[in-house]
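A short write-up of the structure that comes next.
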Amino acid sequence: MSSSSDQEVLVRVRGLARLLDTSIRLPGGFRIGWDAVLGLVPGVGDGAGALLSAYIVLQAVRLGASREVLTRMVGNVALEALVGAMPVLGDVFDAAFKANVRNVHLLEAHLAAPSSTRRASRAWVVGVVVVLLALFSLAMVLAILAVRALLSVGGSD
């Protein structure tokens, strides 16, 4: 990173990530941020958190992060928003996952060593695709089993 403007951007995204993910200390030393608090608001909280998280991704674009790193960052935000939308379990996940802090670490690693971060991000993207395919396959199997169960119950009347 060469310019003082880039340094200022990095300081801002670090501060936003801290505010969103670790700014509130809970008893026992666990830290959450305003993203987790926003996530408690039904219907809009997780979307609002994702919009705030998007600022960090947009600044990573401005700083020249690779496509692989950006894909991983967007994946972190999307995962947190999607899982966070589930009642109760999603709120716990939202507080623990800390997508913004993860994304700032990815950006810092990319700025320090672009090629190694690109390789690690490619592996992450491949891993996510494999997990998504496995989940899709599981959903299809469960749907087929549910339809068979419904048909066998309906046929025995």
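The values are calculated or read from the model by the stated rules, or taken from the named source; none is laboratory data. The structure presented is a predicted model; accordingly, all values stated were derived computationally and were not measured. Cβ atoms come from the backbone with ideal geometry, glycine included; neighbour counts cover every protein chain shown.
Criterion applied to Val101, Val11 was being of a type in the set (A, V, I, L, M) and out of contact with any Lys or Arg (no Cβ under 8 Å at 6 or more places or on another chain), and the one residue passing it is Val11. Close Cβ contacts (under 6 Å, 6 or more residues apart or on different chains) running from residues in the range 53-80 that are touching a residue at least 40 places away in the same chain (Cβ under 8 Å) and farther than 12 Å from Val104 by Cα to residues that are part of a helix (DSSP H, G or I) and small (Gly, Ala, Ser) comprise Glu68/Ser121; Glu80/Ala99. The set of residues in the range 1-29 that are assigned to a loop (DSSP other than H, G, I, E, B), surrounded by 11 or more Cβ atoms within 10 Å (Cβ to Cβ) and free of Cβ contacts under 8 Å to residues at least 12 places away in the same chain contains only Ser23.
Would it be correct to say that Val61 is under 20 Å from Arg18 (Cβ atoms), under 20 Å from the mean Cα position of the chain (by Cα), modelled with pLDDT of 90 or more and in a helix (DSSP H, G or I)? Against the criterion (under 20 Å from Arg18 (Cβ atoms), under 20 Å from the mean Cα position of the chain (by Cα), modelled with pLDDT of 90 or more and in a helix (DSSP H, G or I)), Val61 does not qualify. Of note, Val41 satisfies the criterion of being of a type in the set (A, V, I, L, M), more than 16 Å from the chain's Cα centre (by Cα) and not in a helix (DSSP H, G or I). Across the range 44-56, the number of residues qualifying as surrounded by fewer than 20 Cβ atoms within 10 Å (Cβ to Cβ) and not in a loop (DSSP other than H, G, I, E, B) comes to 6.
For the range 30-43, filtered to residues that are small (Gly, Ala, Ser) and free of Cβ contacts under 8 Å to residues at least 60 places away in the same chain, the residue that is surrounded by the fewest Cβ atoms within 10 Å (Cβ to Cβ) is Gly43. In the range 82-157, counting only helices (runs of 4 or more DSSP H) that sit wholly within it, the ones holding 1 or more residues that are basic (Lys, Arg) and either within 18 Å of the chain's Cα centre (by Cα) or modelled with pLDDT under 80 (or both) span 99-112, 114-155.
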